[in-house]
Ligand code: CO
């Protein structure tokens, strides 16, 4: 009797039966496809900082994200290997992006929105977050993994960032300039710094953008201050945290710091040692990007 049935099914019938078993049984075994097993998480991704006092910016960002998404676990990753190694020697562990994502997979997260806290979509964002996230999608990865874009990504962000900078800057005296110091990069995304200068110029002719490692540099800022006849300037970091660059390159006492150079040129400076993530105006901009990434997760993006 059994052999008769087997004969009647034939090879195509057996293949069909086998594929039905695979289609229905495997997802159940892997724990996917069942909405009850869905677990959403947020990963906040920063370059990182080794300066303990600067970490207040991350604490405030963490609190703001948890307030905006109260039911979603929030985790962190730093993209800088040097910073993570330095912290590790001090007994503080922070994950890289691949380590954080692997741990989230291991902990049963199925949907993750990874929000970049970088200022621009440069090398850190593209190589250490976007490319890595791509390798976690699809086979063996998350059901969905979306990416929240950096602070300045595209035209729409630029006006908002220029306005927020002027809103959070300390009240300036008549003729006192505002100088914001970005990181700067050899990556093509460096173009966001001169772009920001254009947007700021529309709002305030005494607002200047410079970078530590890219264009425009301090020489451009100094020339602009001289042309404007500015004798005073507020200095602010254009970075999520007021870390090593803000404390040393911008406001340090070494003779090549921005503070020292401008002071020697007869410009009295007031350095502000607050990272952008310490201001609600900037947290709101990053949160808006995260909200987009969370919406993408809910609407089938990031697969
Ligand atoms: Co640097």
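The order of the peptides 106-112, 118-124 by mean Cβ neighbours within 10 Å, most packed first, is 118-124, 106-112. Per q in 0.15 Å⁻¹, report the Debye log10 I(q)/I(0) for segment 152-303, using one uniform scatterer on each alpha carbon and no solvent. Here log10 of I(q) over I(0) equals -0.75.
In terms of the Cα gyration tensor, with a ≥ b ≥ c the square roots of its eigenvalues, is segment 194-236 rounded because a/c is under 1.5, prolate because a/b exceeds b/c, or oblate?
Numbers: a/c = 1.68, a/b = 1.11, b/c = 1.51.
In terms of gyration-tensor shape, oblate.
In the chain, Cα pairs under 8 Å separated by at least six residues give a relative contact order of 19 percent.
Relative to the longest principal axis of the Cα atoms of the chain, the long axis of helix 155-168 lies at roughly 50 degrees.
Order these peptides, 197-206, 41-50, by their mean beta-carbon neighbour count within 10 angstrom, highest first. Walk me through the numbers on the way to the answer.
Working: 197-206: 15.7, 41-50: 24.2.
Final packing ranking: 41-50, 197-206.
Measuring max minus min along each principal axis, the C-alpha atoms of segment 145-186 give extents of 48, 24, 16 Å (largest first). For the pair residue 135 and residue 102, the difference between a 0.36 nm per residue extended length and the Cα-Cα distance amounts to 10.8 nm.
With the cut-off at 1.5 for a/c, could you classify segment 202-267 from its C-alpha gyration tensor as rounded, prolate or oblate? Don't skip to the end; give the middle numbers.
Values: a/c = 1.77, a/b = 1.25, b/c = 1.41.
Oblate, since a/c reaches 1.5 and b/c is not below a/b.
Each of residue 68 and residue 123 was given a label point 7 Å from its Cα along the Cα-to-Cβ line. The distance between the two points is 2.9 nm.
Apply the a/c threshold of 1.5 to the C-alpha gyration tensor of segment 80-130 and tell me whether it is rounded, prolate or oblate. Note, shape of segment 80-130 comes out oblate. For residue 213 and residue 244, the difference between the fully extended length at 0.36 nm per residue and the C-alpha to C-alpha distance is 9.8 nm. In the chain, helices alone account for a calculated mean residue ellipticity at 222 nm of -13500 deg cm²/dmol, with every DSSP H run of four or more residues adding -39,500 (n - 2.57). Using a simple spin-label model with pseudo-atoms 7 Å out from Cα toward Cβ, residue 263 and residue 167 lie 3.3 nm apart. Each peptide in 232-239, 167-174 was scored by the mean count of other Cβ atoms within 10 Å over its residues; highest first, the order is 232-239, 167-174. Relative to the longest principal Cα axis of the chain, at what angle does helix 192-203 sit, 0 to 90 degrees, rounded to 10? With rounding to tens, the tilt is 60 degrees. Can you give me the angle between helix 2-30 and the longest principal axis of the chain, using Cα atoms only, in degrees from 0 to 90, rounded to the nearest 10? Once rounded, one gets 20 degrees.
Here the alpha carbons of the chain define both size measures, Rg and Dmax, at 24.9, 102 Å.
Read-outs: derived from the displayed coordinates by stated rules, not from any lab. Computed from a predicted model, the values in this text were never measured in an experiment. Using ideal geometry, Cβ is built from the backbone for each residue, glycine included, and neighbour counts are taken over all protein chains shown.
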